[in-house]
Amino acid sequence: MKKLLLVMLATILFVACKDQPQRYFETSHEIDILKSGIKAYEDQDWTAWRANFADTAKIHHNTIKGLSPEDNMTNLQNMVVNFASYGFQDKGSFSEMVIDKDGETWVNYWGIWNGVVMESGEKVTVPVHLTARFIDSKIVEEYVYYDSAPILKALEAAKKLSEAEAPIEEAEIENAEMAEE
């Protein structure tokens, strides 16, 4: 009886200690793809950025409704045109890849986005979390979460600044034209 108990205990320990497949990665091909997409975004290399996505990919920026890569690219281009510089800082960024219980491959990225508004020179800093699901080395689903309020506030302030300066510039032009007459 004692031997049977020891054999059963040894079997339980053997089964419990059996190697489980790795599900968490700090380096992977998919992480490299995601980082190359971030670099392409920073460089405004939209062809390279787009190449990371499957044709049917859906991208969600602070929303449940998914956009196509083309529509999301247009939104990104319309936003970054307002910044003299922008990008993610290396310090404080972190990436990981996880294979979930359903066998899906997800890459998570946490970083800090900085931008300098072109019109006002105001610096904006926003923490960002991005998670992307990969199939065959292509992003098929992406979720990006960040507080857009600081960005919108800075752009609105720059717009008001621009509108306030416009009448002054127009008055200067009119005064210059009158002086020529």
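The values are calculated or read from the model by the stated rules, or taken from the named source; none is laboratory data. What you see is a predicted model, and the numbers here were worked out from it, not measured in a lab. All Cβ positions, even for glycine, are placed from backbone atoms using ideal geometry, and neighbour counts span all protein chains on display. For the accessible areas, the whole protein counts, side chains as well, though only heavy atoms, and no ligand, DNA or RNA atoms are used. Shrake-Rupley method; radii C 1.70, N 1.55, O 1.52, S 1.80 Å.
Odds and ends about this structure:
- Residues of the range 141-162 that turn out to be open to solvent by 30 Å² or more (accessible area, probe 1.4 Å) and not in a loop (DSSP other than H, G, I, E, B), as a count: 15
- Among the candidates E70, E119, residue that is part of a loop (DSSP other than H, G, I, E, B), on the phi < 0 side of the Ramachandran plot, in contact with a helix residue (DSSP H, G or I) (Cβ under 9 Å, 6 or more places away or on another chain) and open to solvent by 60 Å² or more (accessible area, probe 1.4 Å): E119
- Residues within the range 32-47 that are more than 19 Å from F83 (Cβ to Cβ) and open to solvent by 40 Å² or more (accessible area, probe 1.4 Å), tallied: 4
- Sole residue being among the polar types (S, T, N, Q) and either touching an Asp or Glu at 6+ places or on another chain (Cβ under 6 Å) or modelled with pLDDT under 95 (or both), chosen from N52, N108, N72, N114: N108
- D19 vs. criteria outside any helix (DSSP H, G or I), closer than 30 Å to K153 by Cα and open to solvent by 50 Å² or more (accessible area, probe 1.4 Å): no
- Conditions (1) more than 30 Å from Q20 (Cβ to Cβ); (2) more than 13 Å from the chain's Cα centre (by Cα); (3) surrounded by fewer than 15 Cβ atoms within 10 Å (Cβ to Cβ); (4) in contact (Cβ under 8 Å) with a residue 24 or more places away in the chain; number of the one not met by Q89: (2)
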